[in-house]
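Presented below is the structure to which this report refers.
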Amino acid sequence: METLNNMSARSLQYYVIGRQWASDLEFFRIETAFLHRLLEDYFVGLLNEMHLQQLKHAGLNLFYLEKDETELSKMLDEQIKQLELMAEDVIPENCEELAGKQAQLENRVANLMHKYRSVKKEIFELVENVMNVK
């Protein structure tokens, strides 16, 4: 995209940050696939009475995490698309609207990453407990 320099510095910054978040979300999807695989690999051990409730809880948390990621990804794609259209002078730059959406995205990205770390820790501890029983 060669016309990015037609945008204000703030909008350009939003674009760069948005692309970084998109990259972070792609990594997040790779890691959540790994967490699913981890649960699948130790599924039999997790089915015992001692771990079953924890497995249900971790699985539900992982489901909601992925749901949040999907919603956030759509919002981020819309923001990036809008910034690209502004850069190409297809639509006018609206700094107030961009700032509001950017703040909302920033909050959602931070919350998602916090929840992700918590769920990852929960799953790792659960699997570690099963591994130690063997």
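The values are calculated or read from the model by the stated rules, or taken from the named source; none is laboratory data. Predicted model, so just to flag it, every value in this text is computed and none were measured. Note that we place each Cβ from the backbone using ideal geometry, even for glycine, and neighbour counts take in every protein chain shown. Areas reflect the complete protein model, heavy atoms only, side chains present, ligands, DNA and RNA absent. Shrake-Rupley method; radii C 1.70, N 1.55, O 1.52, S 1.80 Å.
A compact table of results
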| read-out | value |
| --- | --- |
| Boolean, residue 63 is touching a Phe, Trp or Tyr at 6+ places or on another chain (Cβ under 7 Å) and among the aromatic types (Phe, Trp, Tyr) | no |
| Given (1) under 18 Å from residue 101 (Cβ atoms); (2) over 18 Å from the mean Cα position of the chain (by Cα), number of the condition residue 72 does not satisfy | (2) |
| Some residue of segment 77-100 being among the small types (Gly, Ala, Ser), at pLDDT below 95, within 24 Å of residue 18 (Cα to Cα) and over 25 Å from the mean Cα position of the chain (by Cα) | yes |
| Candidates 93, 66, filtered to the one that is within 30 Å of residue 132 (Cα to Cα) and in contact with a Ser or Thr (Cβ under 8 Å, 6 or more places away or on another chain) | 66 |
| Candidate set from segment 32-50 (those that are closer than 14 Å to residue 131 by Cβ and among the aliphatic types (A, V, I, L, M)); member that is least open to solvent (accessible area, probe 1.4 Å) | 46 |
| Segment 84-134 - residue that is of a type in the set (Val, Ile, Thr), open to solvent by less than 70 Å² (accessible area, probe 1.4 Å) and not in a loop (DSSP other than H, G, I, E, B) and, of those, farthest from residue 45 (Cα to Cα) | 109 |
| Filter result (touching a Ser or Thr at 6+ places or on another chain (Cβ under 9 Å) and farther than 14 Å from residue 12 by Cα) within segment 69-90 | 69 |
| Among (1) assigned to a helix (DSSP H, G or I); (2) hydrophobic (A, V, I, L, M, F, W, C); (3) farther than 29 Å from residue 100 by Cα - the single one residue 12 does not satisfy | (3) |
| Tally, over segment 51-63, of residues that are without any contact (Cβ under 8 Å) to a residue 24 or more places away in the chain and open to solvent by 50 Å² or more (accessible area, probe 1.4 Å) | 5 |
